[in-house]
Amino acid sequence: MAKDKLGTTIPLTERIRLGVQKALRKLAEESALKGETLVVKIDGEVKDMPAKDLLHTLPQ
């Protein structure tokens, strides 16, 4: 198993979740720079949302 900066063991599922979170943030950042929109599903409803607005809702 991988370890974090403090030497604590990180389960595979958590590493996968963090990787997906990082990839989504990168996608939103790059799309925001280009002024693009992204298709998201919020409360069961599919919407086009400007990437710059979506970026504010994503964790660092």
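The values are calculated or read from the model by the stated rules, or taken from the named source; none is laboratory data. The model shown is predicted, which means the values in this text are computed figures rather than measured ones. Please note: Cβ atoms are built from the backbone with ideal geometry, for glycine as well, and neighbour counts cover all protein chains shown.
Conditions (1) of a type outside the set (D, E, K, R); (2) modelled with pLDDT of 95 or more; (3) surrounded by 10 or more Cβ atoms within 10 Å (Cβ to Cβ), marked per residue:
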| site | (1), (2), (3) |
| --- | --- |
| I16 | yes, no, yes |
| A23 | yes, yes, yes |
| S31 | yes, yes, yes |
| E36 | no, yes, yes |
| V46 | yes, yes, no |
| A51 | yes, yes, yes |
*Residues of segment 21-43 being part of a helix (DSSP H, G or I) and polar (S, T, N, Q), which ones?*
Q21, S31
